[in-house]
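Okay, structure first, notes after.
Bear in mind that the values in this text are calculations on the coordinates, not laboratory data. Predicted model only: the values in this text are computed from it and were never measured. Here the Cβ positions follow ideal geometry from the backbone for every residue, glycine too, while neighbour counts run over all protein chains shown.
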Amino acid sequence: MKVAISGAGITGAYLFRMLENQGCEVHLYDRRKNTGCGLTPCAWGTSTAFIELVSNAGLDGNKYILQRLDHLQMDEIRVRAELLTIDKPRLIKDLLRGTRPHLAPLPFADYDRVIDATGVARALLPPVADDLVLNCRQELVQSDQALPNRIKLGGIGYAWCFPLDDNRYHIGCGNLLHDPGQFLEQLGWIDHPSATGTGRVLCRCDGRIRLTGPHLSQPFVTRRFETEIWGIGEAIGCVAPLAGDGIVPGLRSVQLLLAAWHDPTQYRQAVLDEFHWMWEERAIIERLRQGQGVGLRQARVLRKNSQRMGMTVGLRHAITLLRRMGNAAGSRVCGSGG
């Protein structure tokens, strides 16, 4: 079978490596990037499940770890966590093993199957009717002083500052209600002496993140010019709506695709089963957008699902965090949730 992958981000590169390891003939197509790191968004943070997933592609996941974080400071709440910041550009380069993607239109008729790994663009699959896309601003900063590992919630989204290496930090914001750059400016985290000391911005970009979830991102498989097209990763909504983490879900979607390679119905069901928890998170986002109450039911979802990111969040703190995330939407918090 001759396969083409459209999209050379982390999910497309991971599938490329997995198929090559199986001896498949696979070609990679992408569009030209205009960012310093070649990625949009660059999204350097993920959970420890990343290590095993990368090892399945024949690489040592530990060598891409820049920092191990044992907590997140979310507003004034210190949340225990087991998180990683990773060298995503280096990982993609190693997954591709020197292969250069074709920067040209994809000739569908030349392939038996095409994989849509185009992320939020979902360039080859049908449009999503109830799509939910979050705007994002990101900066790679080198500072002459230690910056705190922190998250600031608000506007149905959050801003973050994560340590990388060599006094480098990833600072960014994703927000559904406000311009993320303005949100960061109001916090004083960018373009402000107290944010980076006398440091400098190494790279800056704007991007988008799909928070739709897989259930509302169907179909996962379609046909174009008599060629089967299968989606993976963010193209089919494999991003946690509350946390915005798409690295581990994206890599996991590749494994599901390979396990159901000849059966699109099996693949669809496997994706929906694996990421059923994203449906619950999407429902919480909708409540926040509509200014509805959040309570114990939603707090239990956050507490349970945060464990997937290696975080320990109690019910009381979960309610507080949900309230902070949606405070600019006029959300209220009640003692029990429906």
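Under the rule a/c < 1.5 gives rounded, and otherwise a/b versus b/c splits prolate from oblate, where does region 40-180 land using the Cα gyration tensor? Please report the intermediate quantities before stating the final value.
Numbers: a/c = 2.15, a/b = 1.37, b/c = 1.56.
Judged from the Cα gyration tensor, region 40-180 comes out oblate (a/c at least 1.5, b/c at or above a/b).
When the Karplus curve 6.51 cos²θ - 1.76 cosθ + 1.60 is applied with θ = phi - 60°, which whole-Hz ³J(HN,Hα) does each residue of region 255-271 get, with x for Gly and Pro?
Once rounded to whole Hz, the list reads 4, 5, 4, 5, 6, 10, 4, 9, 9, x, 5, 5, 5, 4, 5, 5, 5.
Would you mind getting me the FRET efficiency between Thr312 and Ile51? Use the beta-carbon distance for r and R0 = 25 Å, nearest 0.05.
Numbers: r = 20 Å, r/R0 = 0.78.
Working from the Cβ atoms, E equals 0.80.
For Lys63, which lysines qualify as cross-link partners when the Cα separation must be under 17 Å and same-chain residues fewer than eight apart are set aside?
By straight Cα distance, Lys63 reaches Lys88, Lys93.
Let's see if you can work this out: charge +1 on each Lys and Arg Cβ, -1 on each Asp and Glu Cβ, no other charges. What is the dipole magnitude of region 254-306 about its Cα centre, in debye to the nearest 20? Walk me through the numbers before you get to the answer.
Details: 8 positive and 6 negative charges, 78 e Å.
Value, rounded to 20: 380 debye.
Multiply the residue separation of Ala129 and Leu59 by 0.36 nm, subtract the distance between their alpha-carbon atoms, and state the gained length in nm to one decimal. All intermediate terms of the calculation are to be shown ahead of the outcome.
Numbers: separation 70, 0.36 × 70 = 25.20 nm, distance 3.79 nm.
This chain segment gains 21.4 nm when fully extended.
For every helix of n ≥ 4 consecutive DSSP H residues, a contribution of -39,500 (n - 2.57) applies; sum these over the chain, divide by its total residues, and give [θ] at 222 nm rounded to the nearest 500 deg cm²/dmol.
-9000 deg cm²/dmol
Can you give the extra length, in nm with one decimal, that the chain gains between Ala104 and Gln145 once fully stretched, where that is 0.36 nm per residue apart less the Cα-Cα distance? Kindly include the intermediate steps, with their values, before the conclusion.
Numbers: separation 41, 0.36 × 41 = 14.76 nm, distance 4.35 nm.
Gain in length upon complete extension: 10.4 nm.
Which residue, Ala109, Ala123, Ala283, tops the fluctuation ranking in a GNM of the chain built on C-alpha contacts under 10 Å?
For the chain, modelled as a Gaussian network with Cα springs under 10 Å, the answer is Ala109.
If I fit a long axis through the Cα atoms of helix 296-306 and take the longest principal axis of the Cα atoms of the chain, what angle between them do I get, 0 to 90°, rounded to 10?
The two axes meet at around 60 degrees.
Local charge sum around Trp230 (other residues, Cβ-Cβ under 13 Å, Lys/Arg +1, Asp/Glu -1)? Display every interim value, and only then the final one.
Working: positive: Arg113, Arg122, Arg223, Arg224, Arg268; negative: Asp112, Asp116, Glu228, Asp263.
Residues near Trp230 contribute +1 overall.
Can you compute 3J(HN,Hα) from phi for each residue in region 60-71, using the Karplus curve 6.51 cos²θ - 1.76 cosθ + 1.60 with θ = phi - 60°, rounded to whole Hz and x for Gly and Pro?
For region 60-71, the Karplus curve yields 8, x, 5, 6, 9, 7, 9, 8, 9, 9, 9, 7 Hz.
Pop a pseudo-label 7 angstrom from the Cα along the beta-carbon direction at both Trp261 and Glu25 and give the gap in nm to one decimal.
Between Trp261 and Glu25, the label points sit 1.5 nm apart.
So what J values fall out for region 80-89 if you push phi through Karplus, 6.51 cos²θ - 1.76 cosθ + 1.60 with θ = phi - 60°, rounded to Hz, Gly and Pro as x?
5, 7, 10, 10, 10, 10, 10, 8, 5, x
On a full-extension model of 0.36 nm per residue, what is the gain between Arg208 and Lys93, subtracting their alpha-carbon distance, rounded to one decimal in nm?
Working: separation 115, 0.36 × 115 = 41.40 nm, distance 2.25 nm.
Gain on stretching Arg208 to Lys93: 39.1 nm.
Around Arg252, under 13 Å between beta carbons, what's the net of Lys plus Arg minus Asp minus Glu among the other residues?
Numbers: positive: Arg308; negative: Glu52, Glu234, Asp245, Asp273, Glu274.
Around Arg252, the charge tally is -4.
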